[in-house]
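Visitor: Sharing a structure, written as structure tokens. Questions coming.
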């Protein structure tokens with residue numbers, strides 16, 4: 001991770017946690033105030049098989065309310081864990097442990113859900129050389145977090161937002177009249193940014209390859225046309241220098257066949273859009289086996 005990426009992640013964690021705690025606690029936790037604020041412990045139980053992601057957010061929630069809390073993790077980020085596993089123990093002040101519980105678990109369940117489904121897609125294409133990418137179809141305010149979780153699940157990130165890459169889609173091509181004209185304008189205005197070009201025909205594919213770009217997105221091609229696109233992109237004079245991406249209408253049932261056609265990457269909105277939260281529980285006291 002670069003220094004810039006680490007700084008972006010740290011800022012996102014701080015902002016996300018501050019917003020979550022303000023939303024949940026507001027002027028104070030009325031129920032936690034009933035408790036004696038004595039030292040106590042807690043354990044974190046995973047209640048279904050998953051890939052764990054979200055530790056920075058979980059830790060930050062608890063440390064925001066109790067800077068001295070001790071959190072001992074029994075797994076790493078990106079680890080596959082099984083149902084019934086105690087994945088962490090905590091020691092700190094009782095009120096802070098219960099006040100941070102829901103916010104910390106909300107982050108952990110959501111991000112572990114993203115990491116888990118990403119790992120399933122990655123496993124499906126394993127051995128083909130195809131990479132699984134996310135999209136900008138993220139939960140509002142949690143883009144950095146969900147894209148982090150995609151990486152923990154073994155996937156790769158597409159562009160972060162509208163500012164860090166140019167992506168020419170059918171509306172842009174229509175506005176400029178052709179793929180070639182759209183690419184020329186993009187290169188003139190943003191020569192330093194990655195350029196991704198969506199094409200809808202093999203003729204547009206050739207235009208994109210000849211004009212030069214960072215990646216070509218082949219949109220809604222049938223299987224035969226997709227395989228021909230791969231053949232064109234890998235044959236001279238292009239020789240596979242510009243990767244091909246498939247997006248749109250991809251699900252688990254079609255994923256492996258698309259990858260075996262030889263495309264370089266497949267972007268899937270469902271990684272971050274269709275979230276199945278993983279079930280975790282934070283319980284006061286030591287783990288049952290202790």
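Visitor: Looking only at the range 250-284, how many residues end up being under 30 Å from residue 101 (Cα atoms) and in a helix (DSSP H, G or I)?
Guide: 4
Visitor: Take the residues in the range 163-186 that are within 30 Å of residue 5 (Cβ to Cβ) and touching a residue at least 24 places away in the same chain (Cβ under 8 Å), then tell me which one is surrounded by the fewest Cβ atoms within 10 Å (Cβ to Cβ).
Guide: In this case the residue turns out to be 164.
Visitor: Another question, then. With (1) buried (at least 22 other Cβ atoms within 10 Å of the Cβ); (2) within 14 Å of the chain's Cα centre (by Cα) as the list, and residue 130 as the residue in question, which single condition is left unmet?
Guide: Of the numbered conditions (1) buried (at least 22 other Cβ atoms within 10 Å of the Cβ); (2) within 14 Å of the chain's Cα centre (by Cα), the odd one out for residue 130 is (2).
Visitor: Further, regarding this structure: Evaluate the range 146-153: report whether one residue or more is in contact with a helix residue (DSSP H, G or I) (Cβ under 6 Å, 6 or more places away or on another chain) and under 24 Å from residue 260 (Cβ atoms).
Guide: If we filter the range 146-153 for residues that are in contact with a helix residue (DSSP H, G or I) (Cβ under 6 Å, 6 or more places away or on another chain), which is where we start, we get 146, 149-150, 152-153.
Add one more test, that the residue is under 24 Å from residue 260 (Cβ atoms), and what stays is 150, 153.
Yes, the range 146-153 contains a residue that is in contact with a helix residue (DSSP H, G or I) (Cβ under 6 Å, 6 or more places away or on another chain) and under 24 Å from residue 260 (Cβ atoms).
Visitor: Which number in (1) in a strand (DSSP E or B); (2) in contact with a helix residue (DSSP H, G or I) (Cβ under 6 Å, 6 or more places away or on another chain) marks the one condition that residue 89 misses?
Guide: The failed condition is (2).
Visitor: So which residues in the range 32-47 are crowded, with 19+ Cβ neighbours inside 10 Å and over 16 Å from residue 69 (Cβ atoms)?
Guide: 46
Visitor: Here is a further query. Read through the list (1) more than 21 Å from residue 288 (Cα to Cα); (2) in contact with a strand residue (DSSP E or B) (Cβ under 6 Å, 6 or more places away or on another chain), then give the number of the only condition that residue 68 fails.
Guide: Going through the list (1) more than 21 Å from residue 288 (Cα to Cα); (2) in contact with a strand residue (DSSP E or B) (Cβ under 6 Å, 6 or more places away or on another chain), residue 68 breaks only (2).
Visitor: Continuing with the same structure: Would a scan of the range 230-249 turn up a residue that is touching a helix residue (DSSP H, G or I) at 6+ places or on another chain (Cβ under 7 Å), free of Cβ contacts under 8 Å to residues at least 40 places away in the same chain and in a helix (DSSP H, G or I)? Quick ask: steps written out before the conclusion?
Guide: The first filter runs over the range 230-249 and keeps only residues touching a helix residue (DSSP H, G or I) at 6+ places or on another chain (Cβ under 7 Å), leaving 232-233, 238, 240, 242, 244, 246.
From the residues that got through so far, the ones that are free of Cβ contacts under 8 Å to residues at least 40 places away in the same chain too are 232-233, 238, 240, 242, 244, 246.
From the residues that got through so far, the ones that are in a helix (DSSP H, G or I) too are 232-233.
Checked against the condition, which is being touching a helix residue (DSSP H, G or I) at 6+ places or on another chain (Cβ under 7 Å), free of Cβ contacts under 8 Å to residues at least 40 places away in the same chain and in a helix (DSSP H, G or I), the range 230-249 yields at least one hit.
Visitor: Looking at the range 68-86 only, could you name the residues that are touching a helix residue (DSSP H, G or I) at 6+ places or on another chain (Cβ under 9 Å) and in contact (Cβ under 8 Å) with a residue 60 or more places away in the chain?
Guide: Of everything in the range 68-86, those that are touching a helix residue (DSSP H, G or I) at 6+ places or on another chain (Cβ under 9 Å) and in contact (Cβ under 8 Å) with a residue 60 or more places away in the chain turn out to be 77, 78.
Visitor: Out of all the residues in the range 241-253, which are more than 14 Å from residue 266 (Cα to Cα) and either crowded, with 16+ Cβ neighbours inside 10 Å or at pLDDT below 95 (or both)? Steps first, answer last, please.
Guide: Taking the range 241-253 as the starting set, the residues that turn out to be more than 14 Å from residue 266 (Cα to Cα) are 241-242.
Within the range 241-253, just 242 meets the criteria.
Visitor: Filter the range 210-223 for residues that are more than 27 Å from the chain's Cα centre (by Cα) and over 14 Å from residue 263 (Cβ atoms); which is surrounded by the most Cβ atoms within 10 Å (Cβ to Cβ)?
Guide: Restricting to residues being more than 27 Å from the chain's Cα centre (by Cα) and over 14 Å from residue 263 (Cβ atoms), the top hit is 211.
Visitor: Condition first: more than 26 Å from residue 142 (Cβ to Cβ) and in contact with a helix residue (DSSP H, G or I) (Cβ under 8 Å, 6 or more places away or on another chain). Can you find one or more residues in the range 13-30 that meet it? Quick ask: steps written out before the conclusion?
Guide: First, pick out the residues of the range 13-30 that are more than 26 Å from residue 142 (Cβ to Cβ): 30.
Subsequent filtering for residues that are in contact with a helix residue (DSSP H, G or I) (Cβ under 8 Å, 6 or more places away or on another chain) retains none.
Checking the range 13-30: not a single residue is more than 26 Å from residue 142 (Cβ to Cβ) and in contact with a helix residue (DSSP H, G or I) (Cβ under 8 Å, 6 or more places away or on another chain).
The values are calculated or read from the model by the stated rules, or taken from the named source; none is laboratory data. Please read these numbers as outputs of a predicted model, since none were measured by experiment. Please note: Cβ atoms are built from the backbone with ideal geometry, for glycine as well, and neighbour counts cover all protein chains shown.
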